[in-house]
Amino acid sequence: MRILNGSEVIAADRRAIRSGTPGGTLMKRAAGALAEFIDSLDAIRVVFVTGPGNNGADGIVSSGLMRKKTEVEIFCVFPKEKVNSNFLWAQAVSGRGVVFMPSRAALKKSMRSADCVVDCVFGTGFHGVPRGGAAMAIKEMNAAKRLVVSCDAPSGLDADTGKAHLAVKAAFTVTFGFPKKGLFIGAGAELSGSVRCADIGLRAPARKSALYMTSPRDLARKIPVRNSRSHKYTSGHALIFTGAMKGAASLAGLGALRAGAGLVTFAGAGMKDFPEAIVIDYKTDFLKYIRDKNVRSIVFGPGFGRDNSEKAAVILETLSKTDIPKVIDADGIFLAKKYGYLKKLKKYVITPHTGEAGQLTKSSLAAPRSWDTVKKLSSSLNAVVVLKGHRTVISDGKSVMINPTGNPVLATGGTGDLLAGAIAALLAGGMGLFEAAAAGVYAEGLAGDLFMKKKGASGALVRDLAALLPAALKIMKEERMA
C-alpha cells in the first residue's frame, strides 16, 4: 500500500467526490472501519473527543456503528456554532448526543473511567499549533493513561512532515485511504503507535513511488494455506543451525512452527527439550540432507555465538552452495561479514537491528534517511534487508516497505529470534523473499498488538507472542484490519 503525503490523500478524497462518490459515503466507509477496530478492543466504555470538522464527524458516525452494548460518551472541545455541516449530518445519522465545550474536570473524569479514548479532534489536514480547548484535550488524553485510538492521524501531528508541537500519543492510529508519510517520520513515528489503514475507495495519484506500508491486503493471497492433502513436507521444512545459546534457536524453531512450518530440524546438539523438532549433528552432510529431506528454508545466527570460527566457516561455505532461501540473523550477520560471505550467499533475508546495520552501512539510520540506506544496502548485498526497530523497514533494493504493526510489547529479548523463525516458515511455505519478510514482520507486530489489547504493553513472554502468531496470520489471510 503506497505511502502518500497528507495533502495528496486530501486531493484524492476530493477527486473521488468530483467523480461521483458522495462525501457521506466516504465518511461512512471510514467510520465503519474505525468502529470495527474499536469493537475489536472489547471496550465496555468508550469516550470520543472531537473537533468541529470532518475528523470529528468521522468519529461521531463510527460511534453509531459500534456494538450497541458499548457505553459511549462524546465531547466536542469547540463551541457548537463552530461545527461544520458534516459534523451536524454525522450527529443526525448516528443519533448520538454531544457535550460541547466540556470543562477540564469533566473531560478528565470521563476519560479516566473509560476503557478506550478515541481522538477525533484534528485530522490529516492539520498544520500548526493546537490552542484553547483542543490543546487542553490533547494534554488530558495523554495524561489519562488509557488506550488511545487516533482517527486518521494523532491530533496535533502534521501528516505531511511528521512534526508536532503538541500532539496526542496514540496506541493505535486508524487512518483512511492511504497511509500518510507523517505517521512514519519525525515525531509521527512515535506518536501514531501501531497503524491500520482502511481502504475507502480512493485512487492514488499517477506518480511513481517506491515507498509502501505493509498491508495484509497485499499479502493475503501469498500467505501459505494448508488443505486436506497437506502434510509436513508440503507445509514447509525449515532447518535451523544451533550454537552456544540454545534458547535463541529454540525460539526461532517456535516461531517457525507457529507461523506454519510443517517440520523443523535443528542442526546441532542440546535441543532435547524441543520434542516437536528433529535434531541432527554437525557431522551430517548438510547439502545431502537439504536435498533428501526437502528442506525449504534455512536459519543461521540466532544464539550461534561468535567463538566457533571453524564451525561457522563450514556452515557458511555450505550455505553459499545452495539456492534454498535463508534467513541470516544476529551472530550469523557478524560471522557472514567477518568471513566475507555477505555477497557470496544467494537468496537470503538479513535481519539486522540498528546496531548491526550501523556496522554494515556506516550511515544514518534515522527515518526517512534510513529508508534510502536500507534500500542501498539491499541492492549492494543482493538480499532482502529487514532493519528491525520501532518502524521496521524492509527493502529488496527496489522498493521500501514500512511496517505499521507492533508496540512496546516487542521490547523483550528473543523477539528477533522468533521473527527469524516466522520468516523462515513463510519462505518454506513458498513465499518470495520480500513478501515473506514483510509478512513475518507484520505478523509478529500484530501478535504484539493483540497481546496489548488484552493485557497491556508489558509482561509478555516471547512464548506468548508465538502463541498469537496463528491468530495474527489468520487475520492477515482474511484481509481484516485488527
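Quickly run through the range 295-317 and pick out the residues that are polar (S, T, N, Q) and either in contact with a strand residue (DSSP E or B) (Cβ under 9 Å, 6 or more places away or on another chain) or modelled with pLDDT of 95 or more (or both).
Ser297
Which residue is nearest to Lys321 (Cα to Cα), if the candidates are limited to the range 265-305 and must be charged (D, E, K, R) and surrounded by 13 or more Cβ atoms within 10 Å (Cβ to Cβ)?
Taking the candidates together, the pick is Arg296.
Do we have Val77 as among the hydrophobic types (A, V, I, L, M, F, W, C), touching a His at 6+ places or on another chain (Cβ under 7 Å) and under 19 Å from Leu166 (Cβ atoms) here?
No, not satisfied.
What's the number of the condition Ala447 fails, among (1) closer than 22 Å to Ser209 by Cβ; (2) under 11 Å from the mean Cα position of the chain (by Cα)?
(1)
How about the range 446-462: which of its residues are in contact with a Leu (Cβ under 7 Å, 6 or more places away or on another chain) and either closer than 25 Å to Pro325 by Cα or among the β-branched types (Val, Ile, Thr) (or both)?
Hits for the range 446-462 are Ala447, Val462.
So Lys388 clears everything in (1) surrounded by 19 or more Cβ atoms within 10 Å (Cβ to Cβ); (2) charged (D, E, K, R); (3) at pLDDT below 95 except one condition, right? Which one?
All conditions pass for Lys388, except number (3).
Here are the criteria: (1) surrounded by fewer than 24 Cβ atoms within 10 Å (Cβ to Cβ); (2) touching a residue at least 40 places away in the same chain (Cβ under 8 Å); (3) farther than 25 Å from Leu419 by Cα. Tell me which single one Phe176 does not satisfy.
(1)
Any idea which of (1) surrounded by fewer than 23 Cβ atoms within 10 Å (Cβ to Cβ); (2) in contact with an Asp or Glu (Cβ under 7 Å, 6 or more places away or on another chain); (3) in contact (Cβ under 8 Å) with a residue 60 or more places away in the chain is the one Lys346 doesn't satisfy?
(3)
So, in the range 38-58, exactly how many residues are in a helix (DSSP H, G or I), small (Gly, Ala, Ser) and closer than 26 Å to Phe451 by Cβ?
So the count comes out to 1.
When the residues of the range 329-358 are filtered to those that are more than 20 Å from Gly397 (Cα to Cα) and assigned to a helix (DSSP H, G or I), which remaining residue is modelled with the lowest pLDDT?
Of everything passing the filter in the range 329-358, Gly355 is modelled with the lowest pLDDT.
Is it true that some residue in the range 79-101 is under 30 Å from the mean Cα position of the chain (by Cα) and buried (at least 22 other Cβ atoms within 10 Å of the Cβ)?
No: zero hits.
For the range 213-233, which positions are among the polar types (S, T, N, Q) and surrounded by fewer than 17 Cβ atoms within 10 Å (Cβ to Cβ)?
Asn227, Ser228, Ser230
Tally time: how many residues in the range 200-212 are of a type in the set (S, T, N, Q) and surrounded by 17 or more Cβ atoms within 10 Å (Cβ to Cβ)?
0
Would you tally the residues in the range 376-425 being in contact with a Pro (Cβ under 6 Å, 6 or more places away or on another chain) and either free of Cβ contacts under 8 Å to residues at least 12 places away in the same chain or in the same structural domain as Leu183 (by TED's automatic domain parsing) (or both)? Reasoning before the result, please.
As a first pass, look at the range 376-425 and keep what is in contact with a Pro (Cβ under 6 Å, 6 or more places away or on another chain): 417, 420.
Checking the rest, the ones that are also either free of Cβ contacts under 8 Å to residues at least 12 places away in the same chain or in the same structural domain as Leu183 (by TED's automatic domain parsing) (or both) come to none.
Number satisfying all stated conditions: 0.
The values are calculated or read from the model by the stated rules, or taken from the named source; none is laboratory data. All values reported here derive from a predicted model rather than from experimental measurement. Virtual Cβ from ideal backbone geometry, glycine too; neighbours counted across all protein chains shown.
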